[in-house]
Amino acid sequence: MSARALWLAFRSGLGGRQAFSTKVNLQGSGRITVEVIEHLERLALVDFGSREAVARLEKAIAFADRLREVDTDGVEPMESVLEDRCLYLRSDNVAEGNCAEELLQNSRQVVEEYFVAPPGNISLPKLGEQESFQHS
Amino acid sequence: MAAPMLRRVGLGRLWGFAWVDGGSGHRRGSPNGSTSSRRREQSSVAQQPLHTAQKPRKGGHKWAAVVGLEIHAQISSNSKLFSGSQVSFMAPPNSLVSFFDASLPGTLPVLNRRCVEAAVMTGLALNCHINKKSLFDRKHYFYSDLPAGYQITQQRLPIAANGSLTYGVFMGNKQSRMATKTVRIRQIQLEQDSGKSLHDDLRSQTLIDLNRAGVGLLEVVLEPDLCCGEEAAAVIKELQLILQALGTSQANMAEGQLRVDANISVHHPGEPLGVRTEVKNLNSIRFLAKAIDHEIQRQINELESGGEILNETRSFDCKLGCTVPMRDKEGKQDYRFMPEPNLPPLVLYDSASLPAGTESQQVINIDQIRDALPELPSATRERLVRRYGMLPEHSFTLLNEVGLLQFFQNVMKETRAEPKKVTSWVLNTLLGYLKHHNLAVSESPVTSSALAELLDLLDSKAISSAAAKQVFEELWKGEAKSAAQVVSEKQLELMQDREALEQLCQSTMEGHPQVVTDMKSGNPRAINKLIGLVRKATLNRADPAEIKDILERLSS
């Protein structure tokens, strides 16, 4: 029952700022379902990999939930801590670039001056057959 | 050995694939989460059962199509939106990439003033309200050519909103009547472009070039006010001309500087809107019109045969001439919009609100930009119509071909011929030859001066218009001869010798007594036949009016 609620809350919670209110009734529920993990892994192309990683994520959510203890009634939300600062404008001059060699050093695999990535945004394979993705 | 091979393959494919993952962050689903777009999405989803429940009713009701466009225009600037690396179309891979563009830790965005000005100019030219305060947001999605994992865009409060674009569209099949229509513009937002991916299926890998990553884009979102491919094509053409007139984008579709996505649905008039699909991969104006019309027809066929329309993304296959579903791996994309923490709000000023004592480089004055706007295509056309008595549709054609207006104006400067004659020669003869030989105006073997000289000869009645056509054909061969040289070499001058002409007329009449009898009995076609015969005898060198005059005198 709570798994479904969490799933929905998670999905809408990821959707944007307006969803914050729906998250309120999440309080205290630290557990994450396998489906949520799978969805996140697909979105982020990240492999949580282990039970510890999931536990760490659950702890992080529980930690963030403490924000809700703060009473923000009647407080106008800020855009940013810099919202009353001037946004600096740069002149349209070319001053950077030409450093492909340096940048490509960060890439595990390179073809000519290209970075090499896995093909497209391929779906992660179902849990349990992940080797094929990681080593291809 | 293999390396240079791959480079060529890679570049060749770059063209093909620029479109597949062309847009930044609009690969899947709606690229902007603006409230109205959300509303549209909801309503289309809510209406889904309506259509699926409907029985097919062939010919029962008419269908109406609703088309909305989202356009990404690359801003023409020296450097990128938030970094100082160069913007250039063809450059060695990853040579135009700064540490920020590659999303190295610790780098921060620094906004390019030129990009802001380009957005304001475009907003003003499209009759938008310019927001004096606009905000930047992060839109998250994971793709290997977006190294940060998010794109900086303007989701909540864009730089410009609520505008309109007036365009002309031909009525009916005959290209003779123009109708003026208006499409509303929902918003214009500044955002970053993504890098490019080259998919190497053979080795199952993707090559990433970040040269385009971080280039400034104007995303122009139109309200769904259009109803067919032709209207959409006319809107995009007009937008392209406006962007080029402003210089805010080169708007060359083939080079990916202007990319269009279309949202399409069909419904019965008076009933709620249907479920919409999004068509991507539209890389020319012609394909845009074709793809939209095809998708409208596909949806109608689908619904009439009892099927349903899925809210999906389709791409146009220009070889097959139809739209095909794009593999949507994740279903609904979740962009997790959040305010961009590294950029304070963008504040613009007008002359009234200009702060005193601020560095002028740091202040953008909307009024100043408005005053400096160049002449827009609609004004240019009006000027042509007013000044030269040209038909509106002719003014459209002059502007729609790159360089044709300049050519026309150059001819006008150098010739004494009437504007109407010049218009006709430029639009019919010159453009006809160019189209036939598949050439751009800049490649025309006939220069504007040569045409001006030719038209002067015609205007002073030194040659007949049939001879002028012959001269043009000679000039087209590009042998660097002037019109006058061609005329004298080919002996195309009008016969000035009245006596010789009279003799030719006399002998023609004697050779064709039956036609002369017909003419005398009042058959109006007979004299034309005689005129034709005499002209042939003069090798098109005589003025038909003069021949007619002589013939009438001789036969009376």
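The values are calculated or read from the model by the stated rules, or taken from the named source; none is laboratory data. Please read these numbers as outputs of a predicted model, since none were measured by experiment. Using ideal geometry, Cβ is built from the backbone for each residue, glycine included, and neighbour counts are taken over all protein chains shown. Keep in mind that these areas ignore ligands, DNA and RNA; they rest on the heavy atoms of the full protein, side chains included. Shrake-Rupley method; radii C 1.70, N 1.55, O 1.52, S 1.80 Å.
If you scan segment B:544-556, which residues turn out to be under 13 Å from residue B:498 (Cβ atoms) and open to solvent by less than 40 Å² (accessible area, probe 1.4 Å)?
B:547, B:550
Given the structure, is residue B:184 at pLDDT 95 or above, open to solvent by 10 Å² or more (accessible area, probe 1.4 Å) and in a loop (DSSP other than H, G, I, E, B)?
Judged against the criteria, residue B:184 is not a match.
Of all residues in segment B:203-230, how many are more than 14 Å from every other protein chain (Cβ to nearest Cβ) and either under 10 Å from the mean Cα position of the chain (by Cα) or farther than 30 Å from residue B:156 by Cβ (or both)?
Here the count works out to 4.
Every residue, every condition in (1) outside the structural domain of residue B:90 (by TED's automatic domain parsing); (2) in a loop (DSSP other than H, G, I, E, B); (3) free of Cβ contacts under 8 Å to residues at least 24 places away in the same chain; (4) open to solvent by 60 Å² or more (accessible area, probe 1.4 Å), yes or no:
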{"position": "B:264", "(1), (2), (3), (4)": "no, no, no, no"}
{"position": "B:269", "(1), (2), (3), (4)": "no, yes, no, yes"}
{"position": "B:275", "(1), (2), (3), (4)": "no, yes, no, no"}
{"position": "B:281", "(1), (2), (3), (4)": "no, no, no, no"}
{"position": "B:288", "(1), (2), (3), (4)": "no, no, no, no"}
{"position": "B:293", "(1), (2), (3), (4)": "no, no, no, yes"}
{"position": "B:306", "(1), (2), (3), (4)": "no, yes, no, no"}
{"position": "B:309", "(1), (2), (3), (4)": "no, yes, no, no"}
{"position": "B:324", "(1), (2), (3), (4)": "no, no, yes, no"}
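Considering only segment B:482-500, I want to know if a residue exists there that is crowded, with 17+ Cβ neighbours inside 10 Å and charged (D, E, K, R).
no
Using the structure shown, decide if residue B:462 is among the aliphatic types (A, V, I, L, M) and not assigned by TED's automatic domain parsing to the domain that holds residue B:419.
So residue B:462 fails the test.
Under 7 Å by Cβ, and 6 or more places apart or on different chains, what pairs join a residue from segment B:392-416 that is outside any loop (DSSP other than H, G, I, E, B) with one that is modelled with pLDDT under 90 and surrounded by fewer than 21 Cβ atoms within 10 Å (Cβ to Cβ)?
Cβ pairs passing all conditions: B:392/B:178; B:393/B:175; B:393/B:176; B:393/B:178; B:396/B:178.
Quick one: what pairs do we get from segment A:102-126, first residue more than 7 Å from every other protein chain (Cβ to nearest Cβ) and assigned to a loop (DSSP other than H, G, I, E, B), second modelled with pLDDT of 90 or more and open to solvent by 30 Å² or more (accessible area, probe 1.4 Å), C-beta under 9 Å, 6+ apart or different chains?
Final answer for the pair search is A:106/A:115; A:106/B:104; A:107/A:115; A:109/A:115.
Mind listing just one residue for me: the one in segment B:184-202 that is among the hydrophobic types (A, V, I, L, M, F, W, C) and in contact (Cβ under 8 Å) with a residue 60 or more places away in the chain and, of those, nearest to the other protein chains (Cβ to nearest Cβ)?
B:198
Is segment B:334-353 home to any residue that is without any contact (Cβ under 8 Å) to a residue 24 or more places away in the chain, small (Gly, Ala, Ser) and open to solvent by less than 40 Å² (accessible area, probe 1.4 Å)?
So far as segment B:334-353 goes, no, none of its residues is without any contact (Cβ under 8 Å) to a residue 24 or more places away in the chain, small (Gly, Ala, Ser) and open to solvent by less than 40 Å² (accessible area, probe 1.4 Å).
Scan the helices (runs of 4 or more DSSP H) fully inside segment B:437-556 and keep the ones with 3 or more residues being under 30 Å from residue B:418 (Cα atoms).
In segment B:437-556, the matching helices (runs of 4 or more DSSP H) lie at B:448-459, B:465-476, B:483-489, B:524-537, B:544-555.
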